[in-house]
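Structure, as structure tokens:
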Amino acid sequence: MCGIIGYVGPRLAVPILLEGLKAQEYRGYDSAGIAVLENDMIRLIRAQGKISALEERIGGEVGTATVGIGHTRWATHGRPSDINSHPHLDCKSEIAMVHNGIIENYQELRDWLIERGHVFASQTDTETLPHLVEHYYNGDLLAAMMQTVARLEGSYATVALCKHDPRRLVAARRDNPLIIGIGEGEYFFASDMAALIQYTRNMLVLQNGDIALIDEEKGVSVYNDGKPVTRETIYIDWDKDAAQKGGYEHFMLKEIHEQPWALGQTLRGRIAADERDIELKELDFSTEYLRSINNIAIVACGTAYHAGLVGKKAMESMLRIPVEVDIASEFQYRDPIIDRHTLAIIISQSGETMDTLLALRECRKRGAKIVAICNVLDSTISREADYVLYTWAGPEIAVASTKAYITQLMVLYMLTFYLARRMGMKSGDELQPLISQLYRLPEKVGQVLDSCETEIEQAAQQLKDWSDVFFIGRGYDYSVALEGALKLKEISYIHAEAYAAGELKHGTIALIEPGIPVIALATQPAMHPRMVSNIVELKARDAHVIGLSFGGCQDVMEVCDQTLVLPDIDPLLSPMLSVVPLQLLAYYAAVARGCEVDQPRNLAKSVTVL
Ligand code: AGP
């Protein structure tokens, strides 16, 4: 995601645009830029790097402009550079636009525009926007924007500035946020309220499909589907810090709640229209190569490693080839059996984890083809891999990884289905039920968030005073239990252990004492009888067992002290839902213990040392 700002009013625009971008820098920080109208010309200043680099380039030259737009970028198409920074211009430098989102059909539009004489300067999907508006512009910027967005597929929040309309700004929104701030004779656009709180608390939140015109004299007009609509102005009483977190107390909670959006962005353009295949344009494996793969190596650290464990199970069950998952820091010591018949999958949110980078290089040295799953465009690991499948989760600020994990799972499932189809292991008919459920996962995750947060906040109160908590599960549930335990320990400092439920009786059950909290994941119907036995063993020692299962799990509910019930989904996809309550549980336990949730002690967001 990126940060957008726009201003029209009596005050100097440059300082307002810069302050607005700084308040949204966490939304993207690989480049930034502004465009203002001055002396009947568009003045464009852009710089790679943080907003401080842009400020340096402006060098205090605030000028006289009182209308402009700005953008701080989280790159999706086109590596971070001056030329790929927003705002982007049309051919005649009369229209400037900023954009947050992904224009899926940008290549087709770009080709169409080039055929009509347009010249592009960048590799971005965004640059198609000012050229499209230019194509349709005949003196009416609003009409040109309406015709432009009618051509777009994908997600966008975009704002246009035009030298022929000096006291107006026009914007459009689909699937990415865009706010209008209404001041005293002045108006603002922004991606989130954090940027506007310092100027006004009267805000108007644009809805999907809205196109908005701000006219300094006439005020705000909003249209949807070509017709005028009314959007309610709301009064925001948050402080600035709260606004950066979208009103949430911590970035971690905000990012947990962003998961439906992040999944939607990650799915976008990758599900075939008939839901019988996955389209990963980033991959160009030949049939011959696919036939030559005889093992898969997944390597990662921490949460990314836990995602890899889920990927292993899905891939082995559908591809019927051996999949090894290694902790990157161990990988280099075990002389791994990797060669040109190995497909290596390197998972890293930051794309900078040194242990994981060294593992990538080890795989390369041994002849493997390398697919990276990263969340940061142009990161070191994404650059050194042969292929990159990005998770479009947007910047993950909290040290505890949540939306990155769930989108890593999404990419691993999509890669599994993609390979299963092309390796002839599954037909479109066999994949359709799974792909159809994958496509609706953003909605299901939203249901989990809506249905269980209060119950989990209460359940967390039962953990907060314990120094040890156990997570148990079998199969996929064991992999997710490992992630749940990591979440809890890294932000609440409660010692948490995840155990394969069947392994408990081989020693660890000695640690179970009356009242100790045990989180029992039981989402795999085939394993219910044994899971129920494990829970009964724990209850016989007076543990306090919180179950996690799907509807109809009477057998589990009867033996647990309480059970969190998830929406039904194919057991193969259950990790996509079962992890969400565990993220919330860790969060509320940490809050209850007064911990520094977003920056836990001793930890860093990206571990670039060995
Ligand atoms: C996740 O909650 C942790 N903060 C940590 O384990 C993290 O997943 C690990 O350091 C790997 O980071 P990466 O995905 O950026 O490589």
Requested in this report: Would you check which residues across region 505-522 are touching a helix residue (DSSP H, G or I) at 6+ places or on another chain (Cβ under 7 Å) and under 17 Å from A459 (Cβ atoms) and list them?
Outcome: V518, I519, A520, L521, A522
Query raised in the report: Which one is farthest from the chain's Cα centre (by Cα), of the residues in region 110-127 that are in contact (Cβ under 8 Å) with a residue 12 or more places away in the chain and assigned to a helix (DSSP H, G or I)?
Result: L113
Report summary line: Counting only residues that are in a strand (DSSP E or B) and free of Cβ contacts under 8 Å to residues at least 60 places away in the same chain, region 128-176 contains a total of 4
**Report entry** Every residue from region 368-419 that is more than 10 Å from the ligand (Cβ to nearest atom), small (G, A, S), within 20 Å of V579 (Cβ to Cβ) and in contact with a Leu (Cβ under 9 Å, 6 or more places away or on another chain)
**Finding:** A393
**Report entry** Residues located in region 222-246, provided they are out of contact with any helix residue (DSSP H, G or I) (no Cβ under 8 Å at 6 or more places or on another chain) and either farther than 30 Å from A150 by Cβ or not β-branched (V, I, T) (or both)
**Finding:** N224, D225, K227, P228, R231, E232, Y235, D237, D239, D241, A242
Requested in this report: Report the residue count in region 1-22 for those that are touching a strand residue (DSSP E or B) at 6+ places or on another chain (Cβ under 8 Å) and part of a loop (DSSP other than H, G, I, E, B).
Outcome: 3
Report task. Specify the residue that is nearest to the ligand (Cβ to nearest atom); the eligible residues are those in region 586-604 that are surrounded by 16 or more Cβ atoms within 10 Å (Cβ to Cβ) and of a type in the set (D, E, K, R). Result -> D598
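Condition check ((1) acidic (D, E); (2) under 29 Å from Y405 (Cα atoms); (3) in a strand (DSSP E or B)) across all residues:
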| position | (1), (2), (3) |
| --- | --- |
| Q198 | no, no, no |
| N208 | no, yes, no |
| I214 | no, no, yes |
| R231 | no, no, no |
| A242 | no, yes, no |
| E249 | yes, yes, no |
Report summary line: Out of (1) within 16 Å of the ligand (Cβ to nearest atom); (2) without any contact (Cβ under 8 Å) to a residue 24 or more places away in the chain, the one V580 does not meet is (2)
**Report entry** Subset of region 138-164 (residues that are surrounded by fewer than 17 Cβ atoms within 10 Å (Cβ to Cβ) and either of a type in the set (F, W, Y) or under 13 Å from T128 (Cβ atoms) (or both))
**Finding:** R151, E153
Query raised in the report: Would you pick out the residues in region 70-113 that are surrounded by fewer than 24 Cβ atoms within 10 Å (Cβ to Cβ) and either β-branched (V, I, T) or in contact with a Cys (Cβ under 7 Å, 6 or more places away or on another chain) (or both)?
Result: W74, T76, I83, E94, I102
Query raised in the report: If you scan region 320-352, which residues turn out to be more than 10 Å from the ligand (Cβ to nearest atom), within 17 Å of Q408 (Cβ to Cβ) and of a type in the set (V, I, T)?
Result: V323, V325, I327, I345
Requested in this report: Could you list all residues from region 218-247 that are aromatic (F, W, Y) and in contact with an Asp or Glu (Cβ under 9 Å, 6 or more places away or on another chain)?
Outcome: Y223
Query raised in the report: From the list I298, I271, I293, which residue is touching a strand residue (DSSP E or B) at 6+ places or on another chain (Cβ under 6 Å), more than 16 Å from the ligand (Cβ to nearest atom) and either touching a residue at least 24 places away in the same chain (Cβ under 8 Å) or closer than 19 Å to I381 by Cβ (or both)?
Result: I293
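Quick check on region 423-470: of everything there that is in a loop (DSSP other than H, G, I, E, B) and among the small types (G, A, S), which residue is nearest to L343 (Cα to Cα)?
My answer is G424.
A short reminder: the numbers here are calculations on the coordinates, not readings from a lab. Please read all numbers here as calculations on a predicted model, not as lab measurements. Neighbour counts run over all protein chains shown; Cβ positions are idealised from the backbone, glycine included.
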